[in-house]
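What follows is one structure encoded as structure tokens, with my remarks underneath.
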Amino acid sequence: MSKNICFIDGLEGILKYRGIDINQLVDLPYDAISYLLILGELPGDQELAEYSACLHGAREVNREVLDVIHMCNFNVDSMEALRTIVSFMSQFDPDITDSSPEGNTRKAIRLIARIPTAVAAHYRIVNGNEPVPPDPSLSHGANFLYMIRGSKPSQLEAEVMEKDFILSAEHELNASTFSSRVTASTLSDLYSAIVSGLCALKGPLHGGARAEVMTMIEEIGSQENAEKIILEKIEKKEKIMGFGHRVYKTYDPRGAIFKQLSRELAEAKGDMCWYEIAEKIEETVIRELVEKKGKPIYPNVDFYSGVIYKYMDIPPQLATPIFAIGRVSGWIAHCFEQYEKKRIIRPRAFMLDEC
Ligand SMILES: CC(C)(COP(=O)(O)OP(=O)(O)OC[C@H]1O[C@@H](n2cnc3c(N)ncnc32)[C@H](O)[C@@H]1OP(=O)(O)O)[C@@H](O)C(=O)NCCC(=O)NCCS
């Protein structure tokens, strides 16, 4: 594998997976992106068909895992549930003690295939519904929407969900990927590394921001309220969720794609309300923080994705687990790279001063 897993130019707003620009990748199936990240290059038709068959055939979770999902059926945060479920899943993986590249690839396929099933089953159970078994004939995105709703999504919704997973799939050494990678660097198993990633993703300054964007947009409620409420937040020095980024000092390229997708969904549904509120928020933040104060606070990946979920009736509590479903391929790619290095990551405490 020659290409870096990820390349980000935070000043120019460029993102590449394995050397390929995100704008070229976003129209491919998620399975192809997962293959690209984990195995290092885009699959040919035959390779993609085989990889997809493995992924789609591995979606079901076993009875014991479903029992644990039922036991999480109390007011538990969906990410708390997910980290418990993934941790429990490891003991049923026949390759758990096989840390060869082949054994790790088989584990990777099970994790990528089954995390969506676990998320959807937990969501349905806490809402008093029976889990919907996965449909191997559907794409990663369509199958997930089918499992949470119990009915097949429209083609546009399925495509948007697929693109959401692709745009969330990888982003270099963000907090959750770093956590996964540190765990893998001890040569701990892949499930442990993925649980580490889930724990870091859960926080509101990382994956949790998307749910907070949704709550903020709901609370604002109308385009007329948007400017006033955002000005109040800025006056109180509150952070506006879904804006700003440690690396991007310009528009996040994923944010731009999500903005376009949310507009397409709004138009298709004949309801511009959430999109227009979001645009007003963006306009106000850019005017007040970028233009007047010179701070590079643009919409990040979480802002317009939150708008998309509003249009797809996805509730805030699913926002971070959905992020995890996409991101698991990126975590695994980094773990595999780290396993090859066979060297523990051990920063010194003074390095934290720069974080
Ligand atoms: C993503 C984030 C954690 C990056 O933080 P960071 O690189 O450490 O940037 P800082 O928190 O140091 O912020 C730098 C300045 O910009 C301001 N700023 C950063 N993000 C802001 C936001 N979302 N809203 C308002 N102001 C913001 C800070 O208040 C700070 O201002 P100051 O210099 O006057 O004190 C931060 O932008 C944030 O908390 N955003 C909201 C949460 C979010 O959307 N997270 C998802 C990230 S993909």
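The values are calculated or read from the model by the stated rules, or taken from the named source; none is laboratory data. Note that the structure is a prediction, hence the values are computed from the model and not measured. Don't worry about glycine lacking a Cβ; one is built from the backbone with ideal geometry, like all the others, and counts go over all protein chains shown. These area figures cover heavy atoms from the full protein model, side chains too; ligands, DNA and RNA do not enter into them. Shrake-Rupley method; radii C 1.70, N 1.55, O 1.52, S 1.80 Å.
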Handout entry: Those helices (runs of 4 or more DSSP H) lying entirely in the range 50-163 with at least 1 residues modelled with pLDDT under 95, assigned by TED's automatic domain parsing to the domain that holds TYR30 and not charged (D, E, K, R)
Key = 63-71, 78-89, 101-126
Practice task
Inspect all residues belonging to the range 279-302 and state whether any of them is open to solvent by 50 Å² or more (accessible area, probe 1.4 Å), more than 14 Å from the chain's Cα centre (by Cα), modelled with pLDDT of 95 or more and more than 16 Å from the ligand (Cβ to nearest atom).
Solution key: yes
Completion exercise
Residue count, the range 164-190, condition open to solvent by less than 10 Å² (accessible area, probe 1.4 Å) and part of a helix (DSSP H, G or I), comes to 10
Practice task
Among what's in the range 29-59 and is surrounded by 14 or more Cβ atoms within 10 Å (Cβ to Cβ) and farther than 16 Å from ALA333 by Cβ, pick the residue that is farthest from the chain's Cα centre (by Cα).
Solution key: GLU47
Problem - Pairs where the first residue, in the range 279-301, is assigned by TED's automatic domain parsing to the domain that holds TYR251 and the second is polar (S, T, N, Q), C-beta under 6 Å, 6+ apart - result: LYS280/GLN223
Practice task
Please indicate, with yes or no, whether at least one residue in the range 287-301 is under 19 Å from LYS249 (Cβ atoms), assigned to a helix (DSSP H, G or I) and touching a strand residue (DSSP E or B) at 6+ places or on another chain (Cβ under 7 Å).
Solution key: no
Fill in the blank from the handout: Matching residues in the range 209-245 (touching a Cys at 6+ places or on another chain (Cβ under 9 Å) and open to solvent by 60 Å² or more (accessible area, probe 1.4 Å)) number 1
Practice task
Can you confirm whether the range 245-256 contains a residue that is more than 13 Å from the ligand (Cβ to nearest atom) and within 25 Å of ASP313 (Cβ to Cβ)?
Solution key: yes
Practice task
Being open to solvent by 100 Å² or more (accessible area, probe 1.4 Å) and not in a helix (DSSP H, G or I) is the filter; apply it to the range 325-355 and report the residue that is farthest from SER99 (Cα to Cα).
Solution key: CYS355
